[in-house]
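Undergrad: Before anything else, here's the structure in question.
The values are calculated or read from the model by the stated rules, or taken from the named source; none is laboratory data. Bear in mind the structure is a predicted one, so any value in this text is a computation, not a measurement. Note that we place each Cβ from the backbone using ideal geometry, even for glycine, and neighbour counts take in every protein chain shown.
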Amino acid sequence: MSALSKLKRFLKTDPEDPGCAETFALIDVYVERELARGDAADRYPGIAKHLATCGPCAEDYRGMISLLS
Amino acid sequence: MLDPETAAWVSDLKASGPRREEALERLHTVLLQAARREARRRAIDSPVSGVELNDIVQQAADDAMVAIVAKLDQFRGESRFTTWAYKFAVLEVASKLTRHAWRGGPVILDSEAWLQLPDRFGFTPEEAFEQRELLASIQEAVQTALTPRQRRVFVAIVLNAVPLDVVAAELASNRNALYKTLFDARRKVRTFLVAKGYTEFE
């Protein structure tokens with residue numbers, strides 16, 4: 001990805017991004033869904049959008065996946 | 001309908017006397033194991049190890065347990081109880097490890113290191129020169145369109161690359177509030193750029 005694309009992506013905000021608190025509230029459900037059916041992003045698109053943007057929450061998600069795998 | 005294991009956890013933790021004490025002990029063991037695994041996973045990229053890492057694991061398990069006991073009534077059984085409990089351990093490890101790793105590092109929240117901006121997004125010196133007007137407009141947006149708090153958070157996280165959890169601790173705030181602040185700042189900067197004619201940011 002070019003630097004300009006990276007900058008554009010960073011500045012782009014999605015109104016459906018629910019933020020860290022709502023993501024934390026659902027991350028256990030999201031992770032179980034992903035491991036069981038692989039369609040968590042379809043079921044919870046807002047959470048998926050947040051995880052694509054928020055580095056700390058995405059790392060927590062990877063930690064949860066690792067613990068349950 | 002809770003699965004039998006989850007139902008047993010909730011029932012034991014809501015009981016009283018020795019049954020509850022025994023459940024709390026079991027929960028602490030589960031949290032300690034989860035925190036240790038998560039800390040080891042993250043420690044690959046971290047300078048923290050040995051006794052320091054063990055202390056962080058212990059504190060994370062302790063704090064996760066306090067949070068879980070306080071929030072037990074909010075558990076709706078949408079996941080297994082242990083999965084729900086894990087997320088508190090992961091969050092505590094993340095927060096403590098990040099803050100520990102940054103300990104002693106510069107948390108320069110007010111120094112506007114604008115020269116860092118091209119680097120943060122990977123612009124080469126040639127690209128930064130080509131995009132100098134755009135980069136100057138971003139600086140202008142941050143200085144004129146953001147509130148003082150938004151500016152402070154933007155500068156710390158984007159220019160000084162301070163981790164979100166560290167800035168949250170520094171400002172006595174939390175990850176969610178800081179993310180929202182940065183979210184609004186990003187939106188305002190983009191709106192400013194579009195208004196200046198950078199329509200590719202629409």
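Undergrad: So which residues in region A:31-59 are closer than 26 Å to residue B:168 by Cβ and not in a helix (DSSP H, G or I), if there are any at all?
TA: Matches in region A:31-59: A:44, A:54.
Undergrad: Restricting the first residue to region B:2-16 and requiring it to be free of Cβ contacts under 8 Å to residues at least 40 places away in the same chain, which pairs with a second residue that is surrounded by 16 or more Cβ atoms within 10 Å (Cβ to Cβ) meet a Cβ separation below 6 Å and a spacing of at least six or different chains?
TA: Partner pairs satisfying both residue conditions: B:12/B:23.
Every residue, every condition in (1) more than 13 Å from the chain's Cα centre (by Cα); (2) farther than 15 Å from residue A:20 by Cβ; (3) more than 9 Å from every other protein chain (Cβ to nearest Cβ), yes or no:
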| residue | (1), (2), (3) |
| --- | --- |
| B:157 | no, no, yes |
| B:167 | no, no, yes |
| B:174 | no, no, no |
| B:186 | yes, no, no |
| B:190 | yes, yes, no |
| B:193 | yes, yes, no |
| B:197 | yes, yes, yes |
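Undergrad: Now for a separate question. Restricting the search to region B:187-200, which residues are without any contact (Cβ under 8 Å) to a residue 40 or more places away in the chain and either part of a loop (DSSP other than H, G, I, E, B) or surrounded by fewer than 18 Cβ atoms within 10 Å (Cβ to Cβ) (or both)?
TA: Kept after step one, since they are without any contact (Cβ under 8 Å) to a residue 40 or more places away in the chain, are these residues of region B:187-200: B:187, B:190, B:194-195, B:197, B:199-200.
Correct list: B:187, B:194, B:195, B:197, B:199, B:200.
Undergrad: Quick check on my filter: what residues within region B:115-155 are of a type in the set (Val, Ile, Thr), more than 12 Å from chain A (Cβ to nearest Cβ) and either outside any helix (DSSP H, G or I) or surrounded by fewer than 19 Cβ atoms within 10 Å (Cβ to Cβ) (or both)?
TA: Passing the criteria: B:144, B:147.
Undergrad: Residue A:8 fails exactly one of the following numbered conditions: (1) more than 8 Å from chain B (Cβ to nearest Cβ); (2) over 24 Å from residue B:91 (Cβ atoms). What is the number of that condition?
TA: The one condition residue A:8 does not meet is (1).
Undergrad: Take the residues in region B:3-40 that are under 19 Å from residue B:71 (Cα atoms) and of a type in the set (S, T, N, Q), then tell me which one is farthest from the other protein chains (Cβ to nearest Cβ).
TA: If we take residues in region B:3-40 being under 19 Å from residue B:71 (Cα atoms) and of a type in the set (S, T, N, Q), then B:16 is farthest from the other protein chains (Cβ to nearest Cβ).
Undergrad: Separate question: Residue pairs, Cβ under 6 Å, 6 or more apart or interchain, first in region A:1-15 and crowded, with 16+ Cβ neighbours inside 10 Å, second of a type in the set (Gly, Ala, Ser) and modelled with pLDDT of 90 or more. List them.
TA: Every condition considered, the pairs that remain are A:3/B:122.
Undergrad: Can you tell me which residue in region A:11-30 is nearest to the other protein chains (Cβ to nearest Cβ), limited to those that are out of contact with any Leu (no Cβ under 9 Å at 6 or more places or on another chain) and in a loop (DSSP other than H, G, I, E, B)?
TA: A:13
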